[in-house]
Amino acid sequence: MISKTILLIVSVLFSVFSINALTEDEQNTIDIVKANSNSVVFITNIRLVRNFFFSEERVARGTGSGFVWDTKGHIVTNYHVIEDGDAFMVTLPNQKQHKAKLVGKEINKDIAVLKIEGDTRNLSPVKTGRSRDLQVGQKVIAIGNPFGFDNSVTTGIVSALGRQIVGVGEVTIKNMIQTDASINPGNSGGPLLNSDSELIGMNTMIYSKTGTSTGIGFAVPVDTIKKIVPQIIRFGKVIRPGIGVSMLSDSYARRLNIKGVVILEAPRNSGAFRAGLRGLDRDQNGQLFIRDIIIGIDKNRIDSYDDLYNILDNYRVGDRIILTVRRGEKQRQVRLRLVEID
């Protein structure tokens with residue numbers, strides 16, 4: 001009788017512990033969520049509009065997610081989360097709300113930085129990792145505020161690497177991370193983390209015909225974020241190298257069936273002008289005609305402004321380059337020093 005009782009007790013205890021036991025993977029996810037519980041914020045984008053009586057009203061344009069970058073109150077999010085906003089409100093995990101100002105943005109990378117006003121104590125910055133070491137199949141955790149439900153967590157894997165996605169700036173964002181972790185409206189700007197609780201990307205967009213998650217989401221890689229954000233915090237913008245000319249948009253070039261980048265104008269006091277580059281001109285009848293078209297940089301072929309923008313990502317202000325330029329039926333090479341552009 002006693003032995004049966006002991007067996008029954010052991011069986012009950014075993015059942016209880018079995019029910020409450022967590023797998024190693026589950027415990028890892030829980031630990032990551034706890035470690036980042038004070039790192040993810042809710043962002044409200046506010047527009048100032050005039051009503052019928054011409055008084056100003058604050059209207060929520062949209063919402064999204066963001067994450068704490070440092071203890072000074074800098075918040076990183078997607079540009080499209082704060083796009084066209086006049087004011088911003090950041091809600092911390094403790095539900096305290098802070099006004100925030102826009103520090104700067106890089107539209108073509110879909111990155112923006114806000115800075116919250118007031119008490120910045122108890123902020124917990126994310127721990128940054130490296131995206132260049134990622135492998136397909138690696139576990140990821142996405143945290144954000146989908147549909148306004150704050151601090152929602154989804155898990156998945158890295159589905160693919162090196163994706164090229166046209167962003168809100170209408171140029172290609174390279175090396176995007178594809179994941180099957182559910183990313184829904186409101187997740188934008190939230191962190192994508194690895195199993196070491198390190199930031200590896202920023203949740204940015206989904207591929208969906210319905211607007212909700214279909215298992216194909218994309219994140220801006222952290223290596224790009226680490227390159228962009230410190231510049232925005234220090235200078236209020238990204239210091240980009242350029243040729244020092246204005247260019248015709250790709251949409252016009254496509255209409256004209258032109259491959260390359262058409263120079264719209266080369267300012268007379270610029271190094272580009274002194275190097276012989278010329279923009280649009282008029283013939284004796286007053287008709288505009290194209291002069292120089294950029295078709296290469298060093299050994300890189302240029303078919304569009306998208307190509308040019310992404311190739312210049314690999315250079316710095318002051319670097320010397322060799323442009324391949326076509327004028328009419330002739331090609332020539334032009335040596336040029338890259339300058340800082342807005």
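The values are calculated or read from the model by the stated rules, or taken from the named source; none is laboratory data. The model shown is predicted, which means the values in this text are computed figures rather than measured ones. Neighbour counts are summed over all protein chains in view; Cβ atoms, including those assigned to glycine, are modelled from backbone coordinates with ideal geometry. Ligands, DNA and RNA are excluded from the accessible area calculation, which covers all protein heavy atoms including side chains. Shrake-Rupley method; radii C 1.70, N 1.55, O 1.52, S 1.80 Å.
Would you point out the residue of segment 68-89, among those that are charged (D, E, K, R), within 18 Å of ILE228 (Cα to Cα) and more than 14 Å from the chain's Cα centre (by Cα), that is most open to solvent (accessible area, probe 1.4 Å)?
LYS72
Give just the number: which of (1) open to solvent by less than 50 Å² (accessible area, probe 1.4 Å); (2) closer than 27 Å to ILE311 by Cβ; (3) not acidic (Asp, Glu); (4) not in a loop (DSSP other than H, G, I, E, B) does LEU134 not satisfy?
The one condition LEU134 does not meet is (4).
Does ILE225 satisfy the condition of being under 18 Å from GLY328 (Cα atoms), modelled with pLDDT of 95 or more, open to solvent by less than 20 Å² (accessible area, probe 1.4 Å) and not aromatic (Phe, Trp, Tyr)?
Answer is no for this residue.
Out of THR63, THR120, THR71, report the one residue that is β-branched (Val, Ile, Thr) and modelled with pLDDT of 90 or more.
Step by step, each of THR63, THR120, THR71 is checked, and only THR71 is β-branched (Val, Ile, Thr) and modelled with pLDDT of 90 or more.
Can we say GLY271 is under 30 Å from MET176 (Cα atoms) and touching a strand residue (DSSP E or B) at 6+ places or on another chain (Cβ under 7 Å)? First the steps, then the outcome.
Details: under 30 Å from MET176 (Cα atoms): no; touching a strand residue (DSSP E or B) at 6+ places or on another chain (Cβ under 7 Å): yes.
No.
From ILE165, ILE107, ILE116, ILE143, grab the single residue that is within 18 Å of the chain's Cα centre (by Cα) and either within 20 Å of THR71 (Cβ to Cβ) or surrounded by 21 or more Cβ atoms within 10 Å (Cβ to Cβ) (or both).
Result of the check over ILE165, ILE107, ILE116, ILE143: ILE143.
So which residues in segment 280-300 are touching a strand residue (DSSP E or B) at 6+ places or on another chain (Cβ under 7 Å) and under 29 Å from LYS174 (Cα atoms), if there are any at all?
Passing the criteria: ASP292, ILE293, ILE294, ILE295, GLY296, ILE297, ASP298.
All but one of (1) of a type in the set (Gly, Ala, Ser); (2) part of a loop (DSSP other than H, G, I, E, B); (3) at pLDDT 90 or above hold for ALA112; which doesn't?
(2)
If we only count strands (runs of 3 or more DSSP E) wholly inside segment 236-342, which ones have 3 or more residues that are open to solvent by less than 50 Å² (accessible area, probe 1.4 Å)? I'd like the intermediate steps shown before the answer.
Details: elements: 240-242, 261-265, 293-297, 320-327, 330-337, 339-341.
Because the criterion is at least 3 residues that are open to solvent by less than 50 Å² (accessible area, probe 1.4 Å), the strands (runs of 3 or more DSSP E) in segment 236-342 that meet it are 240-242, 261-265, 293-297, 320-327.
Kindly provide the set of residues from segment 234-262 that are in contact (Cβ under 8 Å) with a residue 12 or more places away in the chain, under 22 Å from ILE111 (Cα atoms) and among the basic types (Lys, Arg), ordered by number.
LYS237, ARG240
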